[in-house]
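Remarks on the structure that follows.
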Amino acid sequence: MLRGLTVQVPAGAIVCLVGPNGAGKSTVLKVASGLLAPRSGRVLVDGADLTGHGPQRMLAAGVAHVLQGHSVFREMTVAENVLLGGYTLRDKQLIAERVEFVRDLFPVVGERWTSLAGLLSGGQQKQVEFARSLMVKPRVVLLDEPSMGLDPKATGVVFEQIVRMRDAGTAVLLVEQNARRALEAADTGCVLDLGRVHVSGPARELLADPQLGELYLGGRPARR
Amino acid sequence: MRKGSELPLRAGRLRTSTLLHVGALLAGVAVALSFPSMAPSPYEITVGIAILNYAVLSTSWNFVGGFTGYISLGHGAFAGLGAYGTGLLVTKAELPPFAALFVAAALVAALAVPVGYAALRVRGASFVIVSIALVLILLLVFQSWASFTGGSRGLVVPRPFPGMLRSEHHRTFYFLFAALLGVALLTWWIIDRSRFGMGLKAIREDEDKAQSLGTPIFAYKLVVFVVSATFTSLAGGLYALWFGDLDPVFQFSILSGAYMVLMALLGGVRHLYGPLLGALIVGYALEYSKVEYGDTPLHLVVAGLLLGVVVMFMPDGVIPAATALLARFRTSGETSIREVTAAELKERHGQGNGTDESEVRNSERSGSGG
């Protein structure tokens with residue numbers, strides 16, 4: 001349960017939510033994308049109150065959600081997966097433009113366009129998910145544990161792509177168990193515990209805090 | 001990396017595949033249309049009609065089962081409603097037979113909206129139970145309401161072409177069932193290639209994911225449920241006009257719904273012709289066992305055995321299993337991880353800077369874990 005929690009995601013920034021299991025990180029994303037309706041509190045997008053609206057309305061407002069784990073449609077092609085991301089779009093010209101954009105941003109998507117998504121490796125599937133989320137030209141993408149189940153090399157590629165998404169102008173709200181790696185990529189960090197924001201601030205400062213490192217980031221930062 | 005010669009090769013394969021597909025389709029249509037002329041007696045034509053009726057029913061079921069993955073065992077209810085609706089509209093309201101057929105289908109479509117609205121709120125086993133409840137309730141209603149439906153005495157539906165000889169009657173209905181099957185297959189094919197179909201297939205894979213992408217999941221499920229009920233009702237109504245005698249025990253039977261599921265599963269629920277192929281196999285097996293062994297429950301044993309074989313050996317159906325087998329033969333000359341050593345790979349890629357994607361794909365398809 002979330003209590004008295006406020007998370008702001010500025011345009012063109014990566015905000016990272018870290019914290020122990022059960023802290024409410026994924027719940028924040030589900031409320032923000034309309035998959036869960038809050039009992040109280042508000043969801044604001046560019047100042048417009050969208051509290052209680054479903055995923056369709058939230059997507060139209062520019063909020064895209066990449067769910068936890070591998071969330072590609074395994075029995076559908078990469079093309080179908082990506083096009084499903086633009087399901088709320090009606091303009092064929094716009095869809096074609098967005099397809100071109102995501103294929104440029106994630107080359108593997110173009111290379112494996114006609115393959116079944118279930119045949120791709122974990123890292124490639126994650127890139128398909130990112131591409132799918134960018135089809136609606138979102139203002140903010142909510143990423144729930146994008147490195148889950150990936151090897152270190154694939155995790156590195158995924159974080160590079162997250163930074164590329166930010167650099168392409170999309171804000172990112174990132175939930176990640178790999179807290180140290182996520183904070184290294186993020187601009188701002190929020191540490192959640194028991195449904196509350198325990199501490200928030202610039203990601204580099206959180207990373208440098210030895211007490212936070214002990215409590216939430218899996219030990220002190222490595223000396224360089 | 002993709003080799004330069006691969007693209008024209010794939011385009012060539014695509015053209016060959018399309019030509020084979022069109023050729024097989026034309027041959028199938030020609031055989032189906034010439035069957036009544038080649039049949040040695042009217043009995044063979046009635047077997048053909050029974051199989052076509054099964055094919056329409058299982059293709060109709062496959063609108064829901066194939067696209068959304070919802071397994072309805074109660075689709076016999078819509079066939080029964082279509083049959084009784086047509087029969088009652090002819091006998092009580094004195095509508096012309098084929099007008100009654102379409103009015104009954106429209107009424108069933110209207111009824112499918114509240115039924116679907118309630119049933120599609122639950123998933124998995126709960127949906128199966130709700131669908132069974134529907135057919136059992138209707139069986140009780142049509143058996144008990146004897147003054148209107150004829151109850152257990154049954155309902156006699158007048159023949160739509162009274163002056164026609166029996167053999168000509170069968171021949172005419174053979175073509176009517178074939179036409180209805182053609183329309184059902186065409187509708188399935190159109191949906192399969194549409195944006196609507198893409199949304200339905202996303203629902204089949206994962207409803208929550210589909211919803212998170214903005215797919216209106218409930219509306220889509222309801223629409224395809226109504227389409228499925230309408231085609232099922234048309235098949236039931238046409239059966240009533242052909243057979244002319246309705247009994248609630250047979251019309252509202254869980255067994256008829258189970259046959260639809262079996263036929264679709266046997267052929268392959270994700271393939272356009274899967275239910276048709278399943279209907280050919282199951283329909284022929286049922287008719288054969290009825291003729292050879294008379295009025296015994298042996299045909300049920302045959303159906304049960306077929307279901308067991310499908311579940312154990314071809315969980316995706318005959319067509320996907322045959323396609324996979326062909327693909328294995330076609331790619332047998334290509335490389336896979338099992339056949340290439342690490343040293344060969346390193347040599348092929350110079351510094352060994354990555355794994356060839358086509359090789360990964362081949363190994364994954366063939367199920368080799370490396």
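All of the numbers you see were taken from the coordinates with simple rules; none came from a lab. The structure displayed is predicted, hence computed values, not measured ones. Ideal geometry is used to build each Cβ from the backbone, glycine not excepted, and the neighbour counts take in all protein chains shown.
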Cα shape, chain A, gyration tensor, a/c 1.5 rule: oblate
Degrees between helix A:92-105 axis and first principal axis of chain A (Cα, 0 to 90, nearest 10): 60 degrees
Cα-based reach from A:K153 at 23 Å (exclusive), listing lysines while leaving out same-chain residues under 8 positions away: A:K126, B:K346
Residue among B:Y70, B:F250, B:I45 farthest towards the positive dipole end of region B:39-324, charges placed on Cβ: B:Y70
Angle in degrees between helix A:152-167 and the longest Cα principal axis of chain A, rounded to the nearest 10: 80 degrees
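Using the number of other C-beta atoms within 10 angstrom as an exposure proxy, rank B:M164, B:M314, A:M165, B:M263 with the fewest first. Each step should come with its number before you reach the end.
On the way: B:M164 13, B:M314 18, A:M165 22, B:M263 32.
Final ranking by Cβ density, sparse to dense: B:M164, B:M314, A:M165, B:M263.
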Whole-angstrom gap from region B:178-210 to region B:39-93, using each part's C-alpha centre: 19 Å
For region A:1-62 versus region B:95-153, the gap between their alpha-carbon centres in whole angstrom: 44 Å
Highest-MSF residue in chain A out of A:T88, A:T27, A:T155 [GNM, Cα springs under 10 Å]: A:T88
Residue of B:T187, B:T59, B:T230 that the Gaussian network model of chain B assigns the largest fluctuation, springs spanning Cα pairs under 10 Å: B:T187
Rounded to 5, the percent of DSSP beta bridges in the protein assembly as shown classed as antiparallel: 40 percent
For region A:81-91, 3J(HN,Hα) per residue [Karplus equation, 6.51 cos²θ - 1.76 cosθ + 1.60, θ = phi - 60°, Hz, x = Gly/Pro]: 4, 5, 5, 4, x, x, 4, 7, 7, 10, 6
Top of B:L73, B:L57, B:L111 by mean-square fluctuation, Gaussian network on chain B, Cα under 10 Å: B:L111
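Taking the Cβ of each residue in A:I14, B:I137 as the centre, tally the other Cβ atoms inside 10 Å and list the residues starting with the fewest. All intermediate terms of the calculation are to be shown ahead of the outcome.
Working: A:I14 26, B:I137 13.
Placing the least packed residue first, the sequence is B:I137, A:I14.
When the helix-only estimate is applied to chain B (DSSP H runs of n ≥ 4, each -39,500 (n - 2.57), divided by the residue count), what is the mean residue ellipticity at 222 nm, nearest 500 deg cm²/dmol?
Values: 17 runs with 278 residues, N = 370.
Calculated from helices alone, the mean residue ellipticity at 222 nm is -25000 deg cm²/dmol.
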Spin-label proximity, B:A133 to region B:88-112 - amide N less than 19 Å from point 7 Å beyond Cα toward beta carbon: B:111-112
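Please identify the helices of chain B, taking whole runs of DSSP H, that span at least 24 Å along their own axis as judged from the Cα atoms and have a mean Kyte-Doolittle score of -0.5 or higher.
Numbers: long enough: B:6-38 (47 Å, 0.86); B:42-68 (39 Å, 0.83); B:97-119 (32 Å, 2.04); B:124-144 (31 Å, 2.49); B:166-192 (39 Å, 0.66); B:217-243 (39 Å, 1.62); B:274-293 (28 Å, 0.67).
Within chain B the helices that satisfy the rule are B:6-38, B:42-68, B:97-119, B:124-144, B:166-192, B:217-243, B:274-293.
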Reachable lysines from A:K30, criterion Cα separation under 18 angstrom, eight or more residues apart if same chain: B:K209
Distance between modelled label sites at B:A321 and B:F175, nm, 7 Å Cα→Cβ extension: 3.7 nm
